[in-house]
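**Q** Below: one structure in C-alpha cells.
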Amino acid sequence: MDSTLMIIIGAIIGLAAGFGIAKFLEKKNVSNLVRNAKKEAAGILKDANVQADNMKKDKLLQAKEKFLELKAEHEQVILGKDKKIAEAEKRTRDKESQVSGELARAKKAADDAEAKIADYNTRIEFLDKKQQEIDRLHKSQVTQLEVISGLSAEDAKNQLVESLKAEAKTSAMSHIQDTIEEAKLTAQQEAKKIIISTIQRVGTEEAVENCVSVFNIESDDVKGRIIGREGRNIRALEAATGVEIIVDDTPEAIILSCFDPVRREVARLSLHKLVTDGRIHPARIEEVVAKTTKQIEEEIIEVGKRTVIDLGIHGLHPELIKTVGRMKYRSSYGQNLLQHSREVSKLCGLMAAELGLNVKLAKRAGLLHDIGKVPDAESDLPHALLGMQW
C-alpha cells in the first residue's frame with residue numbers, strides 16, 4: 001500500500017516537474033521566435049526601403065526622359081510652325097510684290113490705252129475733215145462733168161447701167177453656155193467616179209448559193225432510219241417540207257434538193273433534230289417540221305428587224321420587214337439576196353450623200369429594190385413589177 005502510494009506521489013511530482021520544464025522550454029522557444037521574427041521584419045523593411053528608393057530613382061529617371069522627349073517634340077512642333085509661318089510670310093511678300101507689279105502694269109496699260117484713244121480721236125477728226133473736203137471736191141467734179149457733157153448725173157448713171165446690163169447679160173449667157181457644155185462632158189465621168197469610189201469603200205467578197213444542200217450524217221446506218229419501213233419516213237418528210245430528199249451511195253451524206261432555200265433550211269434543221277433525238281416516224285416528223293417552220297419564220301422576222309435597224313431605216317411595214325428577212329434564204333445571180341440588198345442600200349446612201357440628196361430615202365429604195373424576187377406565191381410577172389405591187 002505504501003509503495004503504491006509512493007509510486008503515485010512520485011508520478012504526480014514527475015508530471016508537475018515535466019509540466020514546469022515544458023513551460024520553461026515553451027517560453028524560451030517563443031522568445032527565440034519573437035527575436036527571429038523581429039530580425040526578419042527588420043530585414044524585410046530594409047529590403048522594402050531599398051526597393052522603394054530604387055523604384056523612386058527609376059520613376060524619376062523615366063519622368064526626366066519623358067519630359068525631355070516631350071520637350072523635344074514640342075520644340076519640333078514649334079520649329080515646324082515657325083517654318084510654316086515663315087513660308088506663309090514669304091508667300092505673302094511674293095503675292096504683294098506680284099500684285100504691285102500687276103498694278104504697275106495695269107496702270108501703264110491704262111495710260112497707253114488713254115494715249116491711243118486720244119490719238120484715235122485726233123485721227124478721226126482729221127479723217128472727218130478729209131472726208132468733208134473729198135465730198136466737196138466730188139460735188140465740184142460732178143458739176144463740172146455735167147456742164148461739159150450736157151447730161152445730169154442721174155442720166156449718165158442710167159446710161160452706164162444700161163450699157164453694163166447688156167454687157168453683163170452677154171457675159172453671163174456665154175458663161176452659162178460654157179458651164180453647160182463642160183457639165184455635159186464631165187457629168188458621165190463624175191458619175192462613174194462616184195460609183196467606183198462608193199463600190200471601193202464597201203467592196204466585200206460574196207457567197208455563192210445553189211439549189212441543193214448537203215446534210216452530213218455520222219454513219220450510213222442513219223440512212224435506213226431516215227428512209228423508214230417501205231420508205232414511209234422519207235415520204236412523210238418530203239410531203240411535210242416540200243423538199244426532195246436524195247439518199248444515194250454518197251458516203252455519210254444526204255442531198256436536199258429544192259429551189260426554195262427556206263424549205264431546204266426547214267428540211268435540214270428538221271433532219272438534224274430527228275437524227276439527234278433518234279425518234280423518226282411520220283407523226284414525229286410532222287411535229288418537228290411544224291416547230292422548225294415556226295422557228296424559221298420567227299428568225300426571218302428577227303433578221304428583217306435587225307437589217308433595217310443596222311441600215312438606219314425606220315417606218316417599214318411589218319410585212320416588208322418579213323420580206324426583207326426572207327431575202328436571207330434567196331439568191332440572185334449566185335449572190336445572197338439579203339447581202340446584195342444591204343450593199344445596194346449602202347451604195348445608194350453613199351451616192352445620195354455625195355449628191356446632197358435624201359440619204360434615208362435612198363437607203364430604203366436600195367434595200368427594197370429586189371423584194372419582187374421573194375414573192376409569197378409563184379408568179380409570171382417580172383420581179384420589178386412584183387416589187388412595185390408591194
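The values are calculated or read from the model by the stated rules, or taken from the named source; none is laboratory data. In this text, all values refer to a predicted model and were calculated from it rather than measured experimentally. Here the Cβ is made from the backbone with ideal geometry for all residues, glycine too, and neighbour counts use every protein chain on show. Protein only, heavy atoms only, side chains kept; ligands, DNA and RNA dropped before computing areas. Shrake-Rupley method; radii C 1.70, N 1.55, O 1.52, S 1.80 Å.
**Q** Using amide H atoms built 1.01 Å from N in the peptide plane, name the residues 5+ places from ILE217, or on other chains, whose amide H lies under 5 Å from its own.
**A** Amide H neighbours of ILE217: ALA253, ILE254.
**Q** Between ILE246 and GLU75, what is the label-to-label distance in nm when each label sits 7 Å out along the Cα-to-Cβ direction?
**A** In this crude label model, ILE246 to GLU75 measures out at 10.7 nm.
**Q** Give me a comma-separated list of calculated 3J(HN,Hα) values for segment 65-73, in order, Karplus coefficients 6.51, -1.76, 1.60 applied at θ = phi - 60°, integers in Hz, x for any Gly or Pro.
**A** Whole-Hz 3J(HN,Hα) from phi for segment 65-73: 4, 4, 4, 5, 5, 4, 5, 5, 4.
**Q** Still on this structure, I have one more. With every protein chain in place, what's the accessible area of PHE126 (1.4 Å probe, Å², nearest 10)?
**A** For PHE126, solvent-accessible area is about 120 Å².
**Q** Residue by residue, what Karplus-based ³J(HN,Hα) values in Hz, rounded to whole numbers, does segment 42-51 have, using 6.51, -1.76 and 1.60 with θ = phi - 60° and x for Gly and Pro?
**A** The phi angles translate into 5, x, 5, 4, 5, 4, 5, 4, 5, 5 Hz.
**Q** Give me the 1.4 Å probe accessible area per residue for segment 231-376, excluding ligands and nucleic acids, in Å².
**A** Normalised by residue count, the accessible surface of segment 231-376 is 51 Å².
**Q** Moving on. What nm distance separates the two modelled labels at GLU302 and ARG93, each placed 7 Å from Cα along Cα→Cβ?
**A** Result: 7.9 nm between the two label points.
**Q** I've got another one for you. Which distance in nm do the two modelled labels at LYS83 and ALA168 give, with both placed 7 Å along the Cα-to-Cβ direction?
**A** Rounded to a tenth, the inter-label distance reads 8.2 nm.
**Q** Would you please give the residues with an amide H less than 5 Å from that of SER331, counting only those at least 5 places away or on a separate chain, with H modeled from the backbone geometry?
**A** Correct list: LEU337.
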